[in-house]
Structures are given as structure tokens and as C-alpha cells.
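The values are calculated or read from the model by the stated rules, or taken from the named source; none is laboratory data. Predicted, not measured: the structure shown is a model, and the values here were computed from it. Because the Cβ atoms are built from the backbone with ideal geometry, glycine has one as well, and the counts that use them run over all protein chains shown. SASA here: full protein model, heavy atoms, side chains in, ligands and nucleic acids out. Shrake-Rupley method; radii C 1.70, N 1.55, O 1.52, S 1.80 Å.
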Amino acid sequence: MSIKIEDLFDAGVHFGHQLRRWNPKSKKFVYDHRGGVSIIDLEKTLACLEKAAKFAEELVASGKDILMVGTKRQAQEVMREAATTLQMPFCCSRWLGGCLTNFETIKRSLQKYKRFIEMEEDGSLSKLPKKEASAIRREMDRMNRNFEGMLSVDALPAALFVVDTHNEAIAVAEAKKLGIPVIALVDTNSDPSLVDYPIPGNDDSVKSIRMIVELMMEAVQSGLARREEVAKTKKGVRPKVRKEEFGEVEPQVTIAADILIEEEEKEAPKKEEKEVVAFEAPESTEEKEEKAPAKKKTAKKKAVKKD
């Protein structure tokens, strides 16, 4: 990051709020109190800025987006220009309550707004009755103020970049409830413990806000460049298919001895039964004697017939 403490000092980042508006939780970022005004330690500001920029770069390089939020008058134009340049979603007019926690309802409203825009583009809106068309146009104006930079949003953002957490307390609370990390420019009247990556600095000066936003823009742009490089390498690389010939291998199965013994005992009686069925017992002497007179009688009958 090509920034020095002198550059932050020239932009007036070190000026905090008056002592009567000072938040004690921001004490670790305060260098001194002079003339009734808190002075921010720029060394700590630079360290926090580098940490936040590194996180933003890695997040964007992984293919995720950051929602930029700055609805106060000093931050609106700066945040709008930065988000438009980076093609990131932004909210600069008014933060709708439940924009994160009630995202399904917001998503339906966005779909409705997109449908109205399509109607206006294809000319179907002009074919409607005047009263109905004027009501739709009034609703479109209201939606444009609320959803100006969120038309491309299809899912919850991976992180938030906020200017003035005191003014955007609802957005920070919703992100914290959903576990979404927050990068924020935090002044001495705000609580830095509510933010994952606080950047202590003056959030009331346009020059100071522009300095911090431009530094974050550099980090996001480098992350976008890395994302494009990864996409190009994925397109150019073809997966190599490794062909291997494997012979048919018979699995070696070992059977326990006790199982073999049990199977042999079961098969033994079956074999005995088969042998018993196939074996014919020899005729006894009594059966032979009974059969002999019968044979003699049949012989005598045949002799009588011949005579």
C-alpha cells in the first residue's frame, strides 16, 4: 500500500469529535485530547487500514462481493463513484431496515422493480391507462432511491464497507446478527468493538473519507485483477485423464476355521441321506422262498395249456 502517515495527516484523518461526544471504547485509537477535540493516532490508523485492505483483497479475489454503505451527505457521492467504478453493490440514499435480516422480502421487491424497468424499456408501460402508469412511475421513483445500487444483488454480501458506524448503526447490527464481517471508518464517537475491521479516522470530512475509500478501492481492484487471472487460467487448462490398465485380480478371502467346521457338519448328514436312498438292501431267504412257489405255479399253468 503506497500511503504514508503524512498523507493521512494532510487529509485530516487525525481529527476526531469533540470531547462531549467521545466514546470511551475508542480510547485505544486516541492519541491525545487537545483543544476539546480528540486526536486519532495515525500509526494505528495505518496499521488497521493495511489489515482491512488485505482482508478486502483476499475476499474479492475469492469471487465474493462487498456491499458499500454510506448514506450520510459527505459520503454519498464518494461511495457511489467508488462502487460504480468497482461494479460493487452500494447503498447511498437510505438503508432499508431488514435489508439483510429480511433479505427474501427485499429480493422480491428488487424483482418487482426489475419488472417495472423492463416494462418501461419495451414500451408496455405506456400502453397502460394513465392513472395506473403514473402510479407505477411514482413507485419506480421510490424504488430507485432505495435500490439504486442493489439491482445486481442476488444473495447476501460477503462483507460490508461502512462509513460512520454511528450513522449506520442498523446496517452494522444486521450484519453482526448474520455473522457478516464489517469494514468501517470509525470516528471517536463510535464503538469500534462492533466492527470486525475498524479504521479509526475522521468520518465527517469529505477529503478524509475520499482518502480512505480510494485506498480501499486499490485493494478491491487488485483483488478483481487476481480473480480475472484465476478465471483465465481455469479456462486455458484442460484436465489430463490418466489411463491405467488393471488386470483382473481375484480377491483373497480367508474363512475362519470354526466357520469351516460348522459347514462340514451341516453337509455330512446330507451326504448320508443320499447314500441311504441310493442303496438297495439284499433280499432275505424268506422272500426268496415265497417267490419260488409262485414261479413253479406259473410254469405248471403254461404246461397244461400246451397239452
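Okay, residues lined up against (1) more than 25 Å from the chain's Cα centre (by Cα); (2) surrounded by 15 or more Cβ atoms within 10 Å (Cβ to Cβ):
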residue	(1), (2)
Val60	no, yes
Gly97	no, no
Glu121	yes, no
Leu128	yes, no
Q) Thr105 fails exactly one of the following numbered conditions: (1) over 20 Å from Ala159 (Cβ atoms); (2) at pLDDT 90 or above; (3) in a loop (DSSP other than H, G, I, E, B). What is the number of that condition? A) (3)
Q | Top-ranked residue in the range 170-209 [being of a type in the set (D, E, K, R), part of a loop (DSSP other than H, G, I, E, B) and farther than 14 Å from Gly12 by Cβ; ranked as modelled with the highest pLDDT] | A | Asp196
Q.
Test of understanding: among Ala173, Ala184, Ala159, which residue is surrounded by fewer than 17 Cβ atoms within 10 Å (Cβ to Cβ) and of a type in the set (Gly, Ala, Ser)?
A. Ala173
Q. Pairs, please: C-beta under 6 Å, at least 6 apart or cross-chain, first residue farther than 17 Å from Ala52 by Cα and in the range 204-219, second in a helix (DSSP H, G or I)?
A. Val206/Gln74
Q. Can you tell me how many residues in the range 110-149 are of a type in the set (A, V, I, L, M, F, W, C), under 30 Å from Ala61 (Cβ atoms) and at pLDDT 90 or above?
A. 1
Q) farther than 24 Å from Glu229 by Cα, in contact with a strand residue (DSSP E or B) (Cβ under 7 Å, 6 or more places away or on another chain) and open to solvent by less than 30 Å² (accessible area, probe 1.4 Å), is that true of Ile66? A) no
**Q.** Residue tally, condition open to solvent by less than 20 Å² (accessible area, probe 1.4 Å) and either assigned to a helix (DSSP H, G or I) or more than 11 Å from Leu67 (Cα to Cα) (or both), over the range 147-156
**A.** 1
**Q.** Residue in the range 1-57 that is nearest to Ala158 (Cα to Cα), counting only those that are of a type in the set (Phe, Trp, Tyr) and in contact with a Lys or Arg (Cβ under 9 Å, 6 or more places away or on another chain)
**A.** Phe29
